[in-house]
Amino acid sequence: MSTIPENYRDLLTTKKAFANLATLMSDGTPQVTPVWIDFDGEHVLVNTAKGRLKDKNLRVRNKVGLAILDPENPYRYLSIQGKVVGVTEEGADAHIDKMAKKYMDKDTYPFRTPTEVRCIFKIAPEKIHTVG
């Protein structure tokens, strides 16, 4: 596992930087989705609803790519190739509320539906590329 350089961790923690998450479809083609991200000091965390395309792809094919642009300087970015090393529903509802606070300044995630089940994917960085 690779370590995120200290001087790029702000893109994962304090800045409202969206990541473009690339997963793989069953035929091998990439599927890319903008996502909110979090960081536990070692892994990138992505929260999604069970049953979405990225959820299905990540459960079957654990290789991912993330491109994270600095919202204040798009010429500074962090690119991560990694793999999913865990998924859990535990704490996922509280986590999406935490992400709503970070990205939207809302105390609770406003787009939750009554039937959705949230889950958190834990991604271990394997290769890291930085610019800027």
* To do: Go over the candidates Asp97, Asp107 one by one and state the one that is part of a helix (DSSP H, G or I) and either of a type outside the set (Phe, Trp, Tyr) or free of Cβ contacts under 8 Å to residues at least 60 places away in the same chain (or both).
  => Asp97
* Among the residues of the stretch 115-123, is there at least one that is surrounded by 14 or more Cβ atoms within 10 Å (Cβ to Cβ), within 19 Å of Thr13 (Cβ to Cβ), among the aromatic types (Phe, Trp, Tyr) and more than 11 Å from the chain's Cα centre (by Cα)? -> no
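Please determine, by comparing only the residues of the stretch 79-109 that are charged (D, E, K, R) and over 28 Å from Ser2 (Cα atoms), which one is surrounded by the fewest Cβ atoms within 10 Å (Cβ to Cβ). Don't jump to the end; show me each part of the working.
Just the residues of the stretch 79-109 that are charged (D, E, K, R), to begin with: 83, 89-90, 93, 97-98, 101-102, 105-107.
Right, trim to over 28 Å from Ser2 (Cα atoms) and you get 93, 97, 101, 105-107.
Numbers: Asp93: 16, Asp97: 17, Lys101: 13, Asp105: 8, Lys106: 13, Asp107: 10.
Once the filter is applied, the top-ranked residue is Asp105.
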* Leading residue by the ranking (farthest from Ile37 (Cα to Cα)) among those in the stretch 115-132 that are touching an Asp or Glu at 6+ places or on another chain (Cβ under 8 Å), of a type outside the set (A, V, I, L, M, F, W, C) and assigned to a strand (DSSP E or B) -> Arg118
* Structure fact -> Reported set for the stretch 71-90 where residues are in contact with a Lys or Arg (Cβ under 9 Å, 6 or more places away or on another chain) and either in a helix (DSSP H, G or I) or more than 18 Å from Leu21 (Cβ to Cβ) (or both) is Glu72, Glu89
* To do: Please indicate, with yes or no, whether at least one residue in the stretch 110-119 is closer than 25 Å to Ile4 by Cα and in contact (Cβ under 8 Å) with a residue 12 or more places away in the chain.
  => yes
* **Selection within the stretch 39-64 - in contact (Cβ under 8 Å) with a residue 24 or more places away in the chain, under 19 Å from Thr130 (Cβ atoms) and of a type outside the set (Val, Ile, Thr)** => Phe39, Glu42, His43
* To do: Mind counting the residues in the stretch 38-70 that are part of a loop (DSSP other than H, G, I, E, B) and among the acidic types (Asp, Glu)?
  => 2
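Let's see how each residue does on (1) surrounded by 16 or more Cβ atoms within 10 Å (Cβ to Cβ); (2) modelled with pLDDT of 95 or more; (3) assigned to a helix (DSSP H, G or I):
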position: Met1; (1), (2), (3): no, no, no
position: Tyr8; (1), (2), (3): yes, yes, yes
position: Lys16; (1), (2), (3): no, yes, no
position: Asn20; (1), (2), (3): no, yes, no
position: Val32; (1), (2), (3): no, yes, no
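The values are calculated or read from the model by the stated rules, or taken from the named source; none is laboratory data. No experiment lies behind these values; they were computed from the predicted model shown. Methodologically, a virtual Cβ is constructed for each residue, glycine included, from the backbone with ideal geometry; neighbour enumeration extends over all protein chains shown.
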